[in-house]
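Only one structure is covered here, and it is reproduced in the block below.
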Amino acid sequence: MKRTFWKEAVVYQIYPRSFQDSNGDGIGDLQGILARLDYLQKLGVTVVWLSPVYKSPNDDNGYDISDYEDIMDEFGTLRDWEELLAGLHERGIKLMMDLVINHSSDEHVWFVESRSSKDNPYRDYYIWRPGGPDGALPNNWSSIFSGPAWEQDETTGEYYLHLFSRKQPDLNWENPRLREALYKMMAFWLDKGVDGLRMDVINLISKVEGLPSVQHEDLAPGELAGGGEYYMNGPRVHEYLQEMNREVLSKYDVMTVGETPGATVEDAILYTDEDRHELQMVFQFEHMDVDSGPGGKWNVVSWTLKGLRDILHKWQVGLADKGWNSLYLNNHDQPRMVSRFGDDGKYRVQSAKMLATLLHTLKGTPYIYQGEEIGMTNVKFPALEDYKDIEILNMYREKVTEGGTDHDTILQAIHSKGRDNARTPMQWNASSNAGFTTGTPWLKLNPRYTEINVEQALADPDSVFYYYQELIRLRKQHPIMVYGEYELLLPEHEYIYAYTRTLDDEKWLILLNFGDTPQTVELTDELNAVTGTIISNYPEEPAAMDRSTLRPYEARVCRIG
Ligand code: GLC
Ligand code: CA
């Protein structure tokens, strides 16, 4: 397997709106990030992924871009951005930008032109269709943010497609002029020295020809349906990515990760097999669905270790020889991992470290989401008014206001799955607003900031922060963490995820207890062969004879043989 910097990388995701405010307007910004670079360097991460900082009316917090080549006013200027890039590079950290090219904002000049008339030269930059007879929509697809995926536009009376909000019209990738314009824009940033690109919902860019309606016998006339089978991993997506690679990516030494909801292992191999020249890795979503019932994301059900492990294992094995995994348990779209997969009460610190051990010892590139490294938790705002996320607000309107589901059920689902769990401001210290802002924060803080914050973590040698720092340091020292072959042990254990990594004549054993009670493992041969502990989230090494027992949420990485 070829050794590359992006396999060895540890990525830290910054959600700029919530990271650090520098001017008291309650919104995080680029100067704020600049003030925190030493912190990132201390942690040891090698790449920073910035969620979008481009000009945007912020219908979806920057994932609706109105100018791809300029910076959002609230975040600063292109100058600030250049300063940030230089600051990162001075510290040996690479910069990965977010690339949102499945859709733009409806306020992008391309769309303003496109909607102005049917024969405007930009008309074909977006996906326009006439309505059906009797005012029917062009098809029955629903938007991922609730309601129909179509919006009728007054000027021409036609509908445009928006898989996300109505302020995020989908770009028409069938149009070669549009593709060329996007590649030019990508080169603009890469020429400035950007080191990586995270491609937003990149597997949605090719829609099935004719945009067929979902056919299903249970669908009532006029009822909406997902439609994902007609736009996820669509017919021309690999052709487009290979073209993009040829036209832009291959000309730079650039790290790429595609966000690919609905991608299977087989799809992921097609996207990331090095010989195919598309992307280096993808964010798959299967493990993010372990706690979703048949009703989808908001139909929250309990998950089991077996369910989670089966998925992660399948991906480890599936991408062992071709392709490469990205490793994540949370990001700006997901609840906090310690609340979801660990214990954010009594065992918060132990379970955060246990999950970190998983992320850094599976094979792939780990992604840390801001605040994860101090064990930040989900928030339970009591009132809907405290939430700002368009996905939450649209879903609530559809299900409660219009659909009649009861408020408490939905509020509970928001508490466990809502994206704002991840977006409450970064907790820097115990002073008012956690040192995030001197003004009024755009989204309320998690009240636990007085107890969980960076200042506290840096003062405590046993903190989650220092455990991450150690994992990252180990990764830089031990190629086995990056390139070692993965092998599963105890595939049926109810609470323990156990595996080995092997590189040449080196072998590591990883034991992770996902339970809040002690658990015993039957691994006599392996445990007898243990010659030392690499890292563990419990201070003292257990005596040789009780090595087979793992304490609540214990994680142990040992050298064997
Ligand atoms: C991706 C982003 C998410 C955004 C959506 C639309 O899933 O991660 O935040 O809302 O795409 O751009
Ligand atoms: Ca600000």
Self-check item: Structure-based [θ]222 nm, the chain - -39500 (n - 2.57) summed over DSSP H runs of at least 4, per residue, nearest 500
Solution: -7500 deg cm²/dmol
Practice problem: Rounded to the nearest 0.05, what FRET efficiency do ALA136 and GLU217 give with R0 = 22 Å and r taken as the Cβ-Cβ distance? Could you check? | Solution: 0.70
Practice problem: Quick one: compute the contact order of segment 176-294, relative version, from alpha carbon pairs under 8 angstrom and 6+ residues apart, as a percent. | Solution: 28
Exercise. Mind putting a number on the dipole of segment 484-560 about its Cα centre? Charges go on the C-beta only, +1 for Lys and Arg and -1 for Asp and Glu, and I need it in Debye to the nearest 20.
Key: 200
Quiz prompt | Residues with amide H under 5 Å from that of SER292, placed H, sequence gap 5 or more | solution = VAL301
Quiz item: What do you reckon, how do GLU540, GLU217 stack up by accessible area (1.4 Å probe), largest on top?
Solution: GLU217, GLU540
Quiz item: How large is the dipole of segment 109-161 about the Cα centre if only Lys and Arg carry +1 and Asp and Glu carry -1, each at its Cβ, rounded to the nearest 20 debye?
Solution: 100
Quiz item: With point charges of +1 on the Cβ of Lys and Arg and -1 on the Cβ of Asp and Glu, referenced to the Cα centre of segment 114-256, which listed residue (GLY228, TRP141, ALA181) lies farthest in the positive direction of the dipole?
Solution: ALA181
Self-check item: Antiparallel bridges, percent of DSSP beta bridges restricted to the chain (to nearest 5)
Solution: 60
Quiz item: For the chain, what is the accessible area per residue in Å², given a 1.4 Å probe and the full set of protein chains?
Solution: 39
Self-check item: Span from the segment 1-68 Cα centroid across to the segment 492-561 one, whole angstrom
Solution: 35
Self-check item: Extreme residue, positive dipole direction of segment 484-560, given options ILE535, ILE510, THR500 (C-beta unit charges)
Solution: ILE535
Practice problem: Any chance you could give the angle, 0 to 90 degrees and rounded to 10, that helix 407-417 forms with the longest Cα principal axis of the chain? | Solution: 60
Quiz item: Tally Lys and Arg at +1 and Asp and Glu at -1 over the other residues with C-beta under 14 Å from the C-beta of ILE269: what net charge comes out?
Solution: -4
Self-check item: Between segment 448-467 and segment 278-311, the alpha-carbon center distance in angstrom
Solution: 29
Quiz item: Is segment 409-561 best put as rounded, prolate or oblate by its Cα gyration tensor, with a ≥ b ≥ c the root eigenvalues, rounded for a/c under 1.5, and otherwise prolate when a/b is larger than b/c, oblate when not?
Solution: prolate
Exercise. Would you please state which residues of segment 376-396 a label at TYR39 would reach in this model, taking the label point 7 Å out along Cα→Cβ and a backbone N cut-off of under 15 Å?
Key: 376-377
Exercise. Take the alpha carbon atoms of segment 80-124, find their center, do the same for segment 404-432, and report the distance between the two centers in whole angstrom.
Key: 29
Quiz item: How far, in degrees from 0 to 90, does helix 78-90 lean away from the longest principal axis of the Cα atoms of the chain, to the nearest 10?
Solution: 20
Exercise. Kindly provide the trypsin sites (Lys or Arg not before Pro) of segment 135-225 that DSSP labels as loop, not H, G, I, E or B, and whose Cβ sees at most 16 other Cβ atoms within 10 Å.
Key: LYS192
Quiz item: Which of TYR240, VAL254, HIS216 sits closest to the plus end of the dipole of segment 216-280, meaning its Cα is farthest towards the positive end, when Lys and Arg get +1 and Asp and Glu get -1 on the C-beta?
Solution: VAL254
Quiz item: Which net charge results for the neighbourhood of GLU540, defined as the other residues with beta-carbon distances under 14 angstrom from its beta-carbon, given Lys and Arg at +1 and Asp and Glu at -1?
Solution: -1
Exercise. Any chance you could give the angle, 0 to 90 degrees and rounded to 10, that helix 305-318 forms with the longest Cα principal axis of the chain?
Key: 80
Quiz prompt | Dipole magnitude of the chain about its Cα centre (Cβ charges: Lys, Arg +1; Asp, Glu -1), debye to nearest 20 | solution = 1120
Practice problem: Just need the relative contact order of the chain here, percent rounded to a whole number, with Cα pairs under 8 Å and 6+ apart. | Solution: 13
Quiz item: Do you know the relative contact order of segment 109-161, to the nearest whole percent, from alpha carbon pairs under 8 angstrom that are 6+ apart?
Solution: 33
Quiz prompt | Sequence of GLU385, GLU274, GLU485 when ordered by accessible area, the most exposed leading, probe 1.4 angstrom | solution = GLU385, GLU485, GLU274
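The values are calculated or read from the model by the stated rules, or taken from the named source; none is laboratory data. In this text the structure is predicted, and so the values were computed from the model without any measurement. Backbone-built Cβ (ideal geometry, glycine too); neighbour counts: all protein chains shown. Surface areas here come from the heavy atoms of the whole protein model, side chains and all, with no ligands, DNA or RNA. Shrake-Rupley method; radii C 1.70, N 1.55, O 1.52, S 1.80 Å.
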